[in-house]
Amino acid sequence: ISGDGSAQFDSGLMPPEMFVVLSHGELVLYREYWTQVSQAYQVKIDQAAVEPFVDPERGTIYVLRSHFDAAGMKIMKECDIPALPYRLLPARESTDLWCLGVMLFTLCSDGRVLFPTNIKSRHLLEMSSSFAWDDAEASSQVYQHVGDELALDLILQLLSPYERRTQLTIRDVLNHPF
């Protein structure tokens, strides 16, 4: 979340490793973090970006691993900002490759959106589908909606689990026959 409180991401493009399940105790810490950031920096945080998604069937609480980027900002009010209840993940190429896979899926499936988002906020309508993404779900979605075999192969590589996606490079993508 940038210094003006706006989200610098589209949650519909984020890979599964960017989502985390919180316990009720961790949810309290998470909410306290955003409250204290808002007070300390006197900034209005985009609530759509930080609002937890609660799975109505299981009661599971999902959030995106986000944080406030206070680089170059002065604390306006002394506050005790608690630590986030999850570890942040650094920017990396595998996230960009995932985003490319999501966009390529849309292009090769006649405009079908893999993870539906709110058009105005750019945030997921439901986080559990992205959080629970695996090879079986990828195969089901891609085989059902993408007809070109070369596109299908590339998309499945781009939307693979984190461990395999980290082995993929942009050079591999550019050299793919698709």
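List the residues of the range 83-106 whose backbone N lies under 20 Å from a point placed 7 Å from the Cα of A70 along the Cα-to-Cβ direction.
Backbone N within reach: 83-90.
Quote to one decimal, in nm, the extra length available between R112 and A83 on full extension: 0.36 nm per residue of separation minus the C-alpha distance between them.
Separation in residues times 0.36 nm, less the Cα-Cα distance, equals 6.6 nm.
If we count every other residue with Cβ under 14 angstrom of S139's Cβ, Lys/Arg +1 and Asp/Glu -1, where does the sum land?
Its environment carries a net charge of -4.
Could you put S94, S23 in order of accessible surface area, largest first, with the 1.4 Å probe and the full protein assembly present?
Accessible-area ranking of S94, S23, largest first: S23, S94.
How much mean residue ellipticity at 222 nm does the chain get from its helices, if each DSSP H run of length 4 or more adds -39500 (n - 2.57) and you divide by all residues, to the nearest 500 deg cm²/dmol?
Here the helix-only value at 222 nm equals -11500 deg cm²/dmol.
At 7 Å along Cα-to-Cβ for each site, give me the label-to-label distance between E57 and Y162 in nm.
2.4 nm
Treating the range 1-42 as a set of equal point scatterers at the Cα positions, no solvent, please give the Debye-formula log₁₀ I(q)/I(0) at q = 0.23, 0.25, 0.30 Å⁻¹.
-0.97, -1.01, -1.00
What residue among Y86, S2, I155 has its Cα farthest toward the positive end of the dipole of the chain, where the charges are +1 on Lys, Arg and -1 on Asp, Glu, each on the Cβ?
The residue sitting most towards the positive pole is S2.
Note down the Stokes-Einstein diffusion coefficient of the chain in µm²/s, whole number, using a Kirkwood radius over alpha carbon pairs, 4 °C, and 1.567 mPa s.
Working: Rh = 17.6 Å.
After rounding, the answer is 73 µm²/s.
Based on the Cβ-Cβ distance of F9 and E149, what FRET efficiency does E = 1/(1 + (r/R0)^6) give at R0 = 25 Å, to the nearest 0.05?
0.20
By the gyration tensor of its Cα atoms, with a ≥ b ≥ c the square roots of the eigenvalues, what is the shape of the range 51-139: rounded for a/c under 1.5, prolate for a/b over b/c, or oblate? Don't jump to the answer; show the numbers that get you there.
Values: a/c = 2.17, a/b = 1.65, b/c = 1.31.
Prolate shape, in that a/c is at least 1.5 and a/b is the bigger ratio.
Give me the net charge for the shell around R92: Cβ to Cβ below 11 angstrom, other residues only, Lys and Arg +1, Asp and Glu -1.
Net charge around R92: -2.
Determine the shape class of the range 128-178: with a ≥ b ≥ c the square roots of the Cα gyration tensor eigenvalues, call it rounded for a/c under 1.5, and otherwise prolate if a/b is greater than b/c, oblate otherwise. Mind dumping the intermediate values first?
On the way: a/c = 3.10, a/b = 1.19, b/c = 2.60.
Oblate shape, in that a/c is at least 1.5 and b/c is the bigger or equal ratio.
Remind me, relative contact order of the chain in percent, using alpha carbon pairs under 8 angstrom and six or more residues apart? Working shown, then result.
Numbers: 239 pairs, mean separation 47.1, N = 178.
Dividing the mean separation by the residue count of the chain yields 26 percent.
Would you mind working out the accessible area per residue for the range 80-124, using a 1.4 Å probe, and quoting it in Å²?
Accessible area per residue, the range 80-124: 59 Å².
Carbon and sulfur together cover what percent of the accessible area of the chain at a 1.4 Å probe radius? Kindly include the intermediate steps, with their values, before the conclusion.
Details: 5280 of 9920 Å².
After summing per-atom areas, the C and S share lands at 53 percent.
Ranking request for peptides 79-92, 155-168: highest mean number of other beta-carbon atoms within 10 Å first, then the rest in descending order.
My ranking of the peptides, most packed first, is 155-168, 79-92.
The values are calculated or read from the model by the stated rules, or taken from the named source; none is laboratory data. The model shown is predicted, which means the values in this text are computed figures rather than measured ones. Heads up, the Cβs are rebuilt from the backbone with ideal geometry, glycines too, and the neighbour counts pull from every protein chain shown. Accessible surface is based on the protein model in full, side chains and every heavy atom, while ligands, DNA and RNA are left aside. Shrake-Rupley method; radii C 1.70, N 1.55, O 1.52, S 1.80 Å.
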